[in-house]
Structure formats: C-alpha cells, structure tokens
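I have placed the structure first, in the form of structure tokens, so that the comments after it can refer back to it.
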Amino acid sequence: MLIHPSDMKQLFFLIILLCCSLTACSSQPDVTGKWYGKMETQGMNLRIIFDIRKSGDVYTGVMVSPDQSSQEIPFSTITYENNNLSIEITAINFSYKGTLNKEGRIEGTFSQMNQSFELNLSREEIVAVKRPQEPIPPFPYRTEEVSFRNHSAGVQLAGTLTMPRSFDNYTAVVLVSGSGPQNRDEEIMGHKPFLVLADYLTQQGIAVLRYDDRGVGQSQGNYEIATMEDFASDAGSAIEYLKTRKEINKEKIGIIGHSEGGAIAFMLAAEDKTAFIVSLAGPGINGPELLKIQRQALFEASGIPKEYIDQFNDYMTQAQQIAVAAKNVHQLRQEITNLFSGTPMQKQIEPAIQQLASPEIVSFLKYDPEKYFKNIKCPVLALNGMRDLQVPSGENLSAILSGIKANGNKEVETKPYFNLNHLFQTAVTGLPNEYGSIDETFNQEPLEDIAKWINGLK
C-alpha cells in the first residue's frame, strides 16, 4: 500500500492466507519446531523464522519476518518427505525448498517473483540487531497497560499509557500508526519508532497513549476488513478514553500520526475531535496521486528504467480505478485478470488482486485530504524527511500548508529534514531496504521539535 514499509505489500511479506497442510512421512528426523535463517533480498538482510507444527500426520506452520513485523504468515502448503522440505505461501509468490542434512541444518533456497536466493536454516536463534535508542526499564515515568473500547465498532483495544511522575493535568497525545497491521510500538525492520517517540515525549512532560491496531497484539477486531474510517474511529476512541483519566487535561489531547496515521489525524481534526495534530510524513495529496508519486520515487531510486515505470504506473492506475468501482472481489479479480493478461504485468495479477482487494487500500484510493483541510481549525505541525520516498516531502508538505491555511487557520507549521527518510532516520538513499540496516530509530532533531512545539501550545 502506501506509506509504511510494512504496507508495501508488493515488496514485503505482509499478506495472510489460510493455512493448509499435507501429510508427511513419520520415519524421518523430526522437523517440527522453530527454524531460523537470514535471507538477502532487495538489498536487505532479513531474519526469517519458520515455525513448523504437526497434528497427527498433518503438517502446518507459519513464517515470521521479525525485522519487518511480528505478524505470523500461515503456510499455504507444506510437505516434508525423505528429508526434503517444501513450503509455499501463494499470495506473495513465496516458496521454499530445502533438505535436512546430517548436521541438522536445512540447506535450501526461497523463490519470489521469479527470483531465487539462498536460505539456510538452523535451530539456533539469530539475535536481533541492537538499537541504541530503544529505552530500557526502569523508566523515569509511569507506565500503565490499558484497554479501551470503540463502542461503535464493538472492539476492545489495548495499549500502553506513559505519564510523567512530576505533576498531573498533562497534555497528552495518541500515537496513530501507518498502514498495515502495526503493534503499539509501530515495530518495523527491528525498530520501534513509537516506543522511542513515547519515551522521549513522556520525559518532556507529555502523556502518551500508543495502542495495538485492531486485530494485532492484544487488541480485538479484524484488521483485514477495516477501512481508514474504522482506524479513525479507533483513534477517536483512544482520545475519548484519555478524557476519562483524571491525570489528563481534557482540553489538551492531540494526535501524532505517522504516514497513513497522519491522514487519520487530518480526518479527526476536521471533525474537531482533537486539540492539535502532528503529521509525521502524512499524505497531503489524494491517494491515487500519492501512490503514483511513491512508485515513481521508489523505482527511480532503485534504477528501474523510465519506460517500465511509466508502463507500470499506467496499468496500476487502471487497476486502482477498477478496485474503487468493483462491487465485489469476484468482479475485481476478473477485471484485473483481463487487464493484465498477456501483458508485461501478467505475473503481477495475483499480488495486485491481493493488494487492491483490501478495504484499507480501497479507502485510501478514495482519500482526498482537501475535503478535510478546509475544516481543520486546530494547530498543525507537519514534518517530513527529504529522503522520504514513500511520502515525498515536497508535494505533501506544500499541499498540507496551503490546504489548511486556505481556511484561515494560521497555526500551521511545516518542516522538511534534509537527510531523513520515511521513518525519520538519517539515510543515504531513502529506500526501504535501508531501514533495517540503520542503527538510528528516530532522529533527535524531529523528536526535539515535536516536544518543543507541543509544550509551546497555549
């Protein structure tokens, strides 16, 4: 999708399927349990975990790519015969074939999008890269595990509330994550941006509520059928929950939204449901146009020829129009198949269908920030990295500034950061394959700017 690397479903592993299984021979060495490996793809070194399970003679299992997400992706099929392991996850065109050797390791290759790479597995867990900014308890503030209810959706959401120790009547913020199912720390590529952000802001005297998206972690609900409007409803419920807390100043509760979360912030601000908003790489232009610019920026930075970029954008623009107009998934599948069949996009049929069948994606394709900007009266701070290739800073910051100021709101500030990427890390290329290799989780300058701006509000 847009915005968060975990939501770029054509590049990363973020699609869940129902798992099924096949029978395997019981006379072989036991293959159940967790297997760990590291694969190199698109310039990234990603840890991979296969958790293989067995009930009777039937194997099932899940894959996790912890450097991208804690989400479990069920196998579509798995066979294990004569020490040979075969796994498929069809919707993301992922397959693995390996052989268990005498040393107890599985040597094999994974394939995706017609490319194959080595992936060897062992029982030895691969330790995650340490992130120097990640806070370690004990913390110099109060931390409370909380839950609150979105009554209109009938969903119970869970999160963490951090509050300073020194006084009450706090200014407070709700952190709203980008697209794709995210936990309360917005964990991605081994980084926890929301944990770092919450830690810093709380130490600056600001209470912070961060929560698991619906259907993620300890939150109830089904992420896969939710729209942007549903996520806005969840964030609104978080604000209402904070209003029930005696420690919080009910007149000073705002939203900090990252990427698609920035769009959620605009939506709620237009309804006068938040005292202020901070947009972190939030979209200031409509969904289809942003996705086109995003593809252009990512492909160009990856060295893909202009002719292919233009062709790809043309087909995807048509596919997106189909997705918005389609009455059901069957119609979507049929029309995209007809559009892509016999063209260079033939192999993109299934990934495109899986992506565009998402209610979240369809709602984003309908997203037009101008209709929200004209009603936003609260203070707004919009920040972007100039190396952001997912929500490019120039087009989006200028649209936010002009769009909101046009309604007479003079409390709008924007700031670009020269060398920061979509996650607000100091970057070289800005490509998503850099995210995990950068030690920094969240650059200090925007952290300081956010805290200073919020604490300076009247």
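Observations
- Selected residue (only one of Gly205, Gly221, Gly178 is in contact (Cβ under 8 Å) with a residue 12 or more places away in the chain, crowded, with 21+ Cβ neighbours inside 10 Å and either in a loop (DSSP other than H, G, I, E, B) or within 12 Å of the chain's Cα centre (by Cα) (or both)): Gly178
- Restricting segment 296-335 to residues that are out of contact with any helix residue (DSSP H, G or I) (no Cβ under 6 Å at 6 or more places or on another chain) and among the charged types (D, E, K, R) leaves a set whose member that is nearest to Ser393 (Cα to Cα) is Glu300.
- Meets criteria (out of contact with any Pro (no Cβ under 8 Å at 6 or more places or on another chain) and over 28 Å from Glu448 (Cα atoms)) for Gln334: yes
- Count of segment 92-118 residues which are of a type in the set (Gly, Ala, Ser) and either crowded, with 18+ Cβ neighbours inside 10 Å or within 17 Å of Pro29 (Cβ to Cβ) (or both): 3
- When residues of segment 383-424 are limited to those that are surrounded by fewer than 23 Cβ atoms within 10 Å (Cβ to Cβ) and of a type in the set (S, T, N, Q), the one farthest from Pro446 (Cα to Cα): Asn407
- Matching residues in segment 342-369 - criterion: being modelled with pLDDT under 95 and of a type in the set (Ser, Thr, Tyr): Thr343, Ser358
- Ser179 being at pLDDT below 95 and in contact with a Leu (Cβ under 8 Å, 6 or more places away or on another chain): yes
- Among all residues of segment 186-193, there is at least one that is surrounded by 14 or more Cβ atoms within 10 Å (Cβ to Cβ) and of a type in the set (Val, Ile, Thr).
- Taken over segment 248-285, the criterion of being farther than 10 Å from Val174 by Cβ, assigned to a strand (DSSP E or B) and small (Gly, Ala, Ser) is satisfied by Ser279 alone.
- In segment 30-81, the residues that are free of Cβ contacts under 8 Å to residues at least 40 places away in the same chain and not charged (D, E, K, R): Thr32, Ile49, Ile52, Ser55, Gly56, Val58, Tyr59, Val64
- Residue within segment 232-247 that is in a helix (DSSP H, G or I) and under 16 Å from Ala451 (Cα atoms) present: no
- Taking the criterion of being within 12 Å of Phe373 (Cα to Cα) and either surrounded by 24 or more Cβ atoms within 10 Å (Cβ to Cβ) or among the small types (Gly, Ala, Ser) (or both), the residues of segment 278-287 that qualify are Pro283, Gly284.
- Close pairs (8 angstrom Cβ cut-off, 6 or more residues apart or separate chains): of a type in the set (S, T, N, Q) in segment 427-439, part of a loop (DSSP other than H, G, I, E, B) and modelled with pLDDT under 90 anywhere: Asn433/Gln42; Asn433/Gly43
The values are calculated or read from the model by the stated rules, or taken from the named source; none is laboratory data. Small disclaimer: the values here were computed from a predicted structure and weren't measured. A quick note on method: Cβ atoms are made from the backbone with ideal geometry, for glycine too, and the neighbour counts reach across all protein chains shown.
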